[in-house]
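Beneath this line is the structure, given in structure tokens, with notes to follow.
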Amino acid sequence: MRRVDQRIAEIASRYGTTIPRWEVVNEPLERHLHADKWCNLPEDYVFRSLTTAAKNFPAGSRMMLNEATRFSWLEFDEERS
């Protein structure tokens, strides 16, 4: 997580005043679907990443989580079958 924290801090210091919204975490549910392909991130990496971003970006910045994976659409896929 140290490298993730460093990267978030770098992005915030470089773009923090020009980016009002930032997608901090992308598709975290995929981690659970394909755990064998993921690197060793702690279970709370989503919370930790969003918390680190909130601490490093200016007040009022919006930190986002994007979840638009196949997992999100399973219910709809079943209806179409």
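Only one of the numbered conditions (1) part of a loop (DSSP other than H, G, I, E, B); (2) modelled with pLDDT of 90 or more; (3) surrounded by 11 or more Cβ atoms within 10 Å (Cβ to Cβ) is not met by A59, and that is (3).
Would you please name the residue that is most open to solvent (accessible area, probe 1.4 Å), looking only at residues in region 9-29 that are assigned to a helix (DSSP H, G or I) and either more than 19 Å from R48 (Cβ to Cβ) or among the hydroxyl-bearing types (S, T, Y) (or both)? Reasoning before the result, please.
Quick first cut of region 9-29, residues assigned to a helix (DSSP H, G or I) only: 9-15, 29.
Checking the rest, the ones that are also either more than 19 Å from R48 (Cβ to Cβ) or among the hydroxyl-bearing types (S, T, Y) (or both) come to 13-15.
Values: S13: 101, R14: 172, Y15: 93 Å².
Of everything passing the filter in region 9-29, R14 is most open to solvent (accessible area, probe 1.4 Å).
The values are calculated or read from the model by the stated rules, or taken from the named source; none is laboratory data. Bear in mind the structure is a predicted one, so any value in this text is a computation, not a measurement. Please note: Cβ atoms are built from the backbone with ideal geometry, for glycine as well, and neighbour counts cover all protein chains shown. We work out accessible area using only protein heavy atoms, side chains counted, and drop any ligands, DNA or RNA first. Shrake-Rupley method; radii C 1.70, N 1.55, O 1.52, S 1.80 Å.
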